[in-house]
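Notes follow the structure.
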Amino acid sequence: MTASVELRDLSKSFGETLALDKLSLEVAEGSVVGLLGPNGAGKTTLINCLTTLLKPDGGTARVAGFDLVGQPEKVRASIAVTGQFAAVDETLTGRENLVFFGRLLKLSKQEARDRAQKLLERFDLIDDADKATKGYSGGMRRKLDLAVSLVVERPVLFLDEPTTGLDPTSRDALWASVHELRSTGVTVLLTTQYLEEADQLADRIAVVDHGRLIAEGTPQELKKQTGGGAVCEVRIADAATRARALTVLDQAVEQDEAVVVPAPGIGTLSTVIKALESAHIEPDDLTLRKPTLDDVFRSLTGGSR
Amino acid sequence: MIRETGVLVGRNVRISLSRRSFFQLIVSPLVFFGGFHLVLNNLLSTRGVDFAQFLTPAIVMMAMGLAAVSTGFFIARDRSEGMLNRCRTLPINGLSILLARIATDALRCLVPIAAIVAVGYAIGFRFSGLPSAVGFVALAVAFALSFCLGAAALALRSDDPESIASALFLPMLPLLNLSTVFAPLSVFPDWLEPVIRINPYSATVDALRALADGQPVSLAPPLIWIAALWLVFGLAVSRAFRRA
């Protein structure tokens, strides 16, 4: 399979801050790759570089087969972007936004109108199509934003934190749209802070932190690293006791006022309880839960964060 | 690129048709007109100045200075809404975005000019002929655009739309006051005269008045100013645009 997005040692710094530190990544054609990382990990910088908004300082990148630095116009003609902030014009109606971008992308008046109508129907915005987007809810704006990205179909789509700040219902609707897009063969690179989102949408996940790629694989592969999809969290408020717990529990990492242990199976729970009992540690709380992004990070970076 | 610019101008104009814009473009210069009329009418008439002929270009100058504020506002808005970045990821010529902004601002300038001249005509302002009217409008718009470019450069660099407005208002007040816009040269003390003369507002308003009156015009001072400002701010805009 050929790579639709391919970066080698891509670097970008802002003054002293290294936002991208020799990042290499491949996104196979027709696949969905989730770029997972905390705020400030360099996700948005990467998207801004790949969408020609920022010029990288070093390294090379190809998007849809075109060189990012050498052929930016060709890259722009192959991509669509939905950013962190729904980039639609507030004064214009939903329909006017779609027609405007259609016209800007060289559709005829009639083509732009037809396309707008189709997208409004597809994204369930038809009832509010002729209202100013000022009055749209956050979810409606994101949907319109995504629709604007699809006015002209492009082989590569970038989604920068598409669901940040959305309520669960809107989020599910947006996820459904991404699933639908995947089935049409579009290559998607999306960034997210939520493990669940990457898990839901992505074929492969790339974990970035401090501008570096720290792990890459399928969601299953990554979750295995945190113990087969679950963690056991032992809450201990007292710092000294917590430090003792860290020494008696296998693979334990400290996380705020708790100690977290990877839990590949239910057996972990009894192992943990036995270990705590024999060390005479009384936890404030003990839970078995799904790993969060924090857990993935802590296990990937050895708890250094 | 011409097509893209056209589509962008269409959208800019569509946004400009809001009620707030109408207020800014027509009502506020006319309120100033009325205010200055009350204050200055007697004062200037006793000094033997043809009031309507003197004040109309002055109000036009003031409105032209204000045009830059809306340029800054709209660019800051497009930036904060993400529209600017979105447009920059599209396969269109980036220059067309700036050209469209400037073209829209030129069109927007025509609205207050028309309103002010209409009111001016009611109180006795007259163009000496059609060429004089065309020259008057062209010079006023060219002057306005030089400051629009400056505002664009500022708005592309700053992350704070509110500070842009104040940064634009601030230099405007001394420039307006220390010029022949609202007072003839003779009322200023002698030692201030060189400052008044060199002020681009003075150079431009003097040429506007001469154009309206059909008198011999020294276009060189305002045109040199305008060309210099276009050059400096134009370079600043293209640099800022590549970085923004």
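For region B:18-47, name all the residues that are under 22 Å from residue B:119 (Cα atoms) and within 14 Å of another protein chain (Cβ to nearest Cβ).
Once the filter is applied, which keeps residues that are under 22 Å from residue B:119 (Cα atoms) and within 14 Å of another protein chain (Cβ to nearest Cβ), region B:18-47 yields B:19, B:20, B:21, B:22.
Considering A:216, A:180, A:121, A:221, which residue is open to solvent by 50 Å² or more (accessible area, probe 1.4 Å) and under 22 Å from residue A:44 (Cβ atoms)?
Working: A:180 fails: under 22 Å from residue A:44 (Cβ atoms); A:121 fails: under 22 Å from residue A:44 (Cβ atoms); A:221 fails: under 22 Å from residue A:44 (Cβ atoms).
Answer to the check: A:216.
Among the candidates A:91, A:44, single out the residue that is open to solvent by less than 50 Å² (accessible area, probe 1.4 Å), touching an Asp or Glu at 6+ places or on another chain (Cβ under 9 Å) and within 14 Å of another protein chain (Cβ to nearest Cβ). Steps first, please.
Details: A:91 fails: touching an Asp or Glu at 6+ places or on another chain (Cβ under 9 Å).
Every option except A:44 fails the conditions.
Starting from region A:92-110, take each residue that is charged (D, E, K, R) and list its partners that are not in a helix (DSSP H, G or I), counting only C-beta distances under 7 angstrom and pairs at least six apart or across chains.
A:95/A:129; A:95/A:130
Which residues, taken from region A:66-103, are of a type in the set (A, V, I, L, M, F, W, C), at pLDDT below 90 and either assigned to a helix (DSSP H, G or I) or touching a Phe, Trp or Tyr at 6+ places or on another chain (Cβ under 9 Å) (or both)? First the steps, then the outcome.
Step one: list which residues in region A:66-103 are of a type in the set (A, V, I, L, M, F, W, C), which gives A:66, A:68-69, A:75, A:77, A:79-81, A:85-88, A:92, A:98-101.
Keeping just the survivors that are at pLDDT below 90 gives A:85-88.
If the condition is that a residue be of a type in the set (A, V, I, L, M, F, W, C), at pLDDT below 90 and either assigned to a helix (DSSP H, G or I) or touching a Phe, Trp or Tyr at 6+ places or on another chain (Cβ under 9 Å) (or both), then A:86, A:88 are the ones that fit.
Give B:30, B:8, B:95, B:66 a once-over and let me know the one that is in a helix (DSSP H, G or I), in contact (Cβ under 8 Å) with a residue 40 or more places away in the chain, open to solvent by 20 Å² or more (accessible area, probe 1.4 Å) and closer than 30 Å to residue A:155 by Cβ. Show your work before the answer.
Details: B:30 fails: closer than 30 Å to residue A:155 by Cβ; B:8 fails: open to solvent by 20 Å² or more (accessible area, probe 1.4 Å); B:66 fails: closer than 30 Å to residue A:155 by Cβ.
Selected residue: B:95, the only one of B:30, B:8, B:95, B:66 that is in a helix (DSSP H, G or I), in contact (Cβ under 8 Å) with a residue 40 or more places away in the chain, open to solvent by 20 Å² or more (accessible area, probe 1.4 Å) and closer than 30 Å to residue A:155 by Cβ.
Which of the residues spanning region B:42-59 are modelled with pLDDT under 85 and either touching a strand residue (DSSP E or B) at 6+ places or on another chain (Cβ under 8 Å) or open to solvent by less than 50 Å² (accessible area, probe 1.4 Å) (or both)? Walk me through it before giving the result.
Initially, region B:42-59 is screened for residues modelled with pLDDT under 85, giving B:42-51.
Residues satisfying the conditions are B:44, B:49, B:51.
If residue A:56 satisfies all but one of (1) in a loop (DSSP other than H, G, I, E, B); (2) open to solvent by less than 30 Å² (accessible area, probe 1.4 Å); (3) within 11 Å of chain B (Cβ to nearest Cβ), what's the number of the condition it fails?
Unmet condition: (3).
Table: residues versus (1) open to solvent by 20 Å² or more (accessible area, probe 1.4 Å); (2) farther than 25 Å from residue B:52 by Cα; (3) more than 21 Å from the chain's Cα centre (by Cα); (4) within 14 Å of chain A (Cβ to nearest Cβ).
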{"residue": "B:85", "(1), (2), (3), (4)": "yes, yes, yes, yes"}
{"residue": "B:128", "(1), (2), (3), (4)": "yes, no, yes, no"}
{"residue": "B:163", "(1), (2), (3), (4)": "yes, yes, no, no"}
{"residue": "B:184", "(1), (2), (3), (4)": "yes, no, no, no"}
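Hey, can you tell me all the residues within region B:151-185 that are more than 15 Å from residue B:73 (Cβ to Cβ) and without any contact (Cβ under 8 Å) to a residue 12 or more places away in the chain?
Hits for region B:151-185 are B:170, B:171, B:173, B:174, B:177, B:183.
Within region A:59-73, does at least one residue satisfy the condition of being polar (S, T, N, Q), under 24 Å from residue A:196 (Cα atoms), open to solvent by 10 Å² or more (accessible area, probe 1.4 Å) and away from every other protein chain (no Cβ under 14 Å)? First the steps, then the outcome.
As a first pass, look at region A:59-73 and keep what is polar (S, T, N, Q): A:60, A:71.
Remaining after also requiring under 24 Å from residue A:196 (Cα atoms): none.
Within region A:59-73 (the criterion being polar (S, T, N, Q), under 24 Å from residue A:196 (Cα atoms), open to solvent by 10 Å² or more (accessible area, probe 1.4 Å) and away from every other protein chain (no Cβ under 14 Å)), the answer is no, since none of the residues qualifies.
Could you check region A:74-85 and list, in sequence order, the residues that are more than 22 Å from residue B:93 (Cβ to Cβ) and more than 7 Å from every other protein chain (Cβ to nearest Cβ)? Before you say what the answer is, go through the steps one by one.
As a first pass, look at region A:74-85 and keep what is more than 22 Å from residue B:93 (Cβ to Cβ): A:82, A:84-85.
Within region A:74-85, A:82, A:84 meet the criteria.
Among (1) more than 10 Å from chain B (Cβ to nearest Cβ); (2) open to solvent by 40 Å² or more (accessible area, probe 1.4 Å), which single condition is residue A:37 missing?
Condition not satisfied by residue A:37: (2).
Pairs please, first residue from region A:123-148 and over 24 Å from residue A:105 (Cα atoms), second anywhere and hydroxyl-bearing (Ser, Thr, Tyr) and open to solvent by 40 Å² or more (accessible area, probe 1.4 Å), Cβ atoms under 9 Å, 6+ apart in sequence or on different chains.
A:139/A:169
A quick yes/no check of all residues on (1) among the hydroxyl-bearing types (Ser, Thr, Tyr); (2) within 17 Å of residue A:159 (Cβ to Cβ):
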{"site": "A:2", "(1), (2)": "yes, no"}
{"site": "A:5", "(1), (2)": "no, yes"}
{"site": "A:9", "(1), (2)": "no, no"}
{"site": "A:17", "(1), (2)": "yes, no"}
{"site": "A:27", "(1), (2)": "no, yes"}
{"site": "A:34", "(1), (2)": "no, yes"}
{"site": "A:60", "(1), (2)": "yes, no"}
{"site": "A:70", "(1), (2)": "no, no"}
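Exactly one condition in (1) more than 9 Å from every other protein chain (Cβ to nearest Cβ); (2) part of a loop (DSSP other than H, G, I, E, B) is false for residue A:106; which is it?
(1)
Within region A:124-135, identify whether any single residue is basic (Lys, Arg), away from chain B (no Cβ under 11 Å) and surrounded by 15 or more Cβ atoms within 10 Å (Cβ to Cβ), and answer yes or no.
Taking every residue of region A:124-135 in turn, none turns out to be basic (Lys, Arg), away from chain B (no Cβ under 11 Å) and surrounded by 15 or more Cβ atoms within 10 Å (Cβ to Cβ).
Suppose we filter region B:189-214 for residues that are touching a helix residue (DSSP H, G or I) at 6+ places or on another chain (Cβ under 6 Å) and surrounded by fewer than 17 Cβ atoms within 10 Å (Cβ to Cβ); how many remain?
Looking only at that region, the number is 1.
Could you list, in sequence order, all residues of region B:137-183 that are among the polar types (S, T, N, Q) and assigned to a loop (DSSP other than H, G, I, E, B)?
First pass over region B:137-183, keeping only residues among the polar types (S, T, N, Q): B:146, B:158, B:163, B:166, B:177, B:179-180.
Those that are among the polar types (S, T, N, Q) and assigned to a loop (DSSP other than H, G, I, E, B): B:158, B:179, B:180.
Counting only residues that are among the aliphatic types (A, V, I, L, M) and open to solvent by less than 20 Å² (accessible area, probe 1.4 Å), which one in region B:98-114 is nearest to residue B:216 (Cα to Cα)?
So in region B:98-114, the residues among the aliphatic types (A, V, I, L, M) come out as B:98-100, B:102-103, B:106-107, B:110-111, B:113-114.
Narrowing the set further to residues that are open to solvent by less than 20 Å² (accessible area, probe 1.4 Å) leaves B:100, B:113.
Numbers: B:100: 34, B:113: 22 Å.
Here the answer is B:113.
The values are calculated or read from the model by the stated rules, or taken from the named source; none is laboratory data. For clarity, every value in this text was computed on a predicted model and none was experimentally measured. Cβ: placed from backbone, ideal geometry, glycine included. Neighbour counts: every protein chain shown. Calculation scope for accessible area: heavy atoms of the full protein, side chains included, ligands and nucleic acids excluded. Shrake-Rupley method; radii C 1.70, N 1.55, O 1.52, S 1.80 Å.
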